[in-house]
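Q: Handing you this structure, nothing more for now.
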Amino acid sequence: MSFLSSQFMSATFDGIANGMIYALIALALVLVWQATHVLNFAQGAMAMFSTFIAFTFLEHGVGYWPALLIAIIFGFLVGGAAERLLIRPTRGKPEINPVVVMVGFLTVIEAIAAMIWGPNSRTYPSPFSQIGFTVGGTTINFSPYDLYTVITVGLIAVGIYALFRYTNLGLKMRASAFAPEVARLLGVRVSRMLTFGWMIAGAIGAVAGVLYAAHNNAGVYPTNLDLVFVFGFIAAAIGGLESPSGAIIGGLIIGLVGDYVSSYYSSGLAPIAVVVVLIIVLMIRPQGIFARPAARRV
Amino acid sequence: MITVTDLSVSYGAVQAVKNVSFAAEPGTITAVLGANGAGKTTLLRTISGLVRPTGGSVRLGDRELTTMSVEDITMSGIAHVPEGRGVIAEFTVDENLRLGALWRKGDNRPAIESMYELFPPLASRRKQHASNLSGGERQMLALARSLVARPTVLLLDEPSLGLAPLVTQGLMATVRDLTLRDELTVILVEQNARGALSIAKHAVVLYLGSVVVSDTAEAVSADKDLRHYYLGMAEQ
């Protein structure tokens, strides 16, 4: 029994892998929030549906990677469609309208998924072993699949950072988020940028859904991402909702806290502990840990 | 050349612009003057497409602008520098300038570098966030950001707002020089009538949305009653 296989480290490893999936949902929420200042309550359900689409292709003999690609494309399109068809008509209306619409969309998606695929959990295949690595003769609670999860999320985070920081498209997206009217006056087609933000969020959500479906054999069923969405939402709130890097770190914090509490107390307490963390963060820093103070607009 | 004909704009029951007509010619500055609420900003916002008119037309050459989207109007060469400058505080100086030229295909770097030459204070702060700039530097940045796209028409909304008199003077001189150099058609909205009239060729005075006078800048400057009643300029 080495330190690496201790209860603490086991919980830490599992917390990192879980946290990365929450981080992806949080990242999707942040992208949507930045684009349209809407909380997409259907983000988890959209991800679940994308995962089921991939699952259907898998059942028909398509491989893991092509199926993942199909899920990503589907998530991309559903994200765009949701913005165009559901969010755009609520623009200029009370802020509660998009919230109600997306909660309704969440219910509808889960119901349709249950009608097509049934309510039972389906096993989603894993492209890598879920058995922990062996380090110095002891097996640790971190598997090749967990490593795949961490690397995938890391690549997506770096990709999003590079998009915003170094590309003209990212510059236009940020301008559309910060100052839509000014952006239009500079020739940026703002409404396209907002749709594109939702599309990327939908695609990222689809990756999260597929990663989660095989993670510890969680499986895919109509409500399988409900709790993941709540954790992802809390991660985004802790990170400050405006900050992609905050979303990633928020996801990690939530993953670790959840796993420590599960490991040392009881898994039933984990959601409560996570909400307690949220309450503490919001009491000390209501704008979230990583939000920059609102820039002065003179 | 920008031709505004019988332009009317309403916000609900309030008519902000009433049957306004005037023309702005290339290589000249047309000053639009008047007190708060005279409809100056609404007029500019209508020309750039942010506000839809209830009647009348705005033409660039023989192209009708009132049915075009804001983005398409911008891409036809009309640059609107909004009131309050509209510099994106979260962006660096360089990012603001890059954004201004994005719709222009090809390499915009030379245009951006020429703006740094024109406005040296911006060059030394290119990596800083625009939130760190002074009021005068922000106005320079807003102006430069519009110019990198090489527009033919420049709509300036209260560029002197909140600036020290000396800074305003420098800015007005720059606008005048650029207008002559690049044959720009400039529509300059100002509450600071004296500054605007000093560089304008033509002046349009608005009162509660209607044109009171449309004449040469000299004639408007010379009209005592006009200065007193509509422009709030003290007698000298």
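The values are calculated or read from the model by the stated rules, or taken from the named source; none is laboratory data. Just so it is clear, the structure is predicted and the values come from calculations on it, not from any experiment. Every residue, glycine among them, receives a Cβ derived from its backbone with ideal geometry; neighbour counts consider all protein chains shown. In case anyone asks, the SASA skips ligands and DNA or RNA and just uses the protein heavy atoms, side chains included. Shrake-Rupley method; radii C 1.70, N 1.55, O 1.52, S 1.80 Å.
Q: Scan the range B:3-10 and give yes if some residue there is open to solvent by less than 30 Å² (accessible area, probe 1.4 Å), assigned to a helix (DSSP H, G or I) and without any contact (Cβ under 8 Å) to a residue 60 or more places away in the chain, otherwise no.
A: no
Results for (1) closer than 29 Å to residue B:39 by Cα; (2) surrounded by 22 or more Cβ atoms within 10 Å (Cβ to Cβ), shown as yes or no for each residue.
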residue: B:98; (1), (2): no, no
residue: B:109; (1), (2): no, no
residue: B:122; (1), (2): no, yes
residue: B:127; (1), (2): no, no
residue: B:135; (1), (2): yes, no
residue: B:142; (1), (2): yes, yes
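Q: Here's another thing I want to ask about it. Being more than 10 Å from every other protein chain (Cβ to nearest Cβ), open to solvent by 30 Å² or more (accessible area, probe 1.4 Å) and part of a helix (DSSP H, G or I) is the filter here; which residues of the range A:164-196 pass it?
A: Hits for the range A:164-196 are A:166, A:180, A:196.
Q: Could you name every one of the strands (runs of 3 or more DSSP E) located completely within the range B:51-170 that has at least 1 residues being more than 10 Å from chain A (Cβ to nearest Cβ)?
A: By residue number, B:55-60, B:153-157.
Q: Step by step: first the residues of the range B:53-71, then only those that are of a type in the set (D, E, K, R) and more than 18 Å from the chain's Cα centre (by Cα), then the one that is least open to solvent (accessible area, probe 1.4 Å). Which residue is that?
A: B:64
Q: Among the candidates A:108, A:78, A:62, A:135, which residue alone is touching a Gly at 6+ places or on another chain (Cβ under 9 Å) and farther than 13 Å from residue A:38 by Cβ?
A: Answer to the check: A:78.
Q: Related question: Can you tell me which of (1) in contact (Cβ under 8 Å) with a residue 24 or more places away in the chain; (2) surrounded by fewer than 21 Cβ atoms within 10 Å (Cβ to Cβ); (3) among the small types (Gly, Ala, Ser); (4) not in a strand (DSSP E or B) is the one residue B:196 doesn't meet?
A: (2)
Q: Also: Testing residue A:230 on (1) farther than 26 Å from residue B:80 by Cβ; (2) crowded, with 20+ Cβ neighbours inside 10 Å, one condition comes back false. Which one is that?
A: Failed condition: (2).
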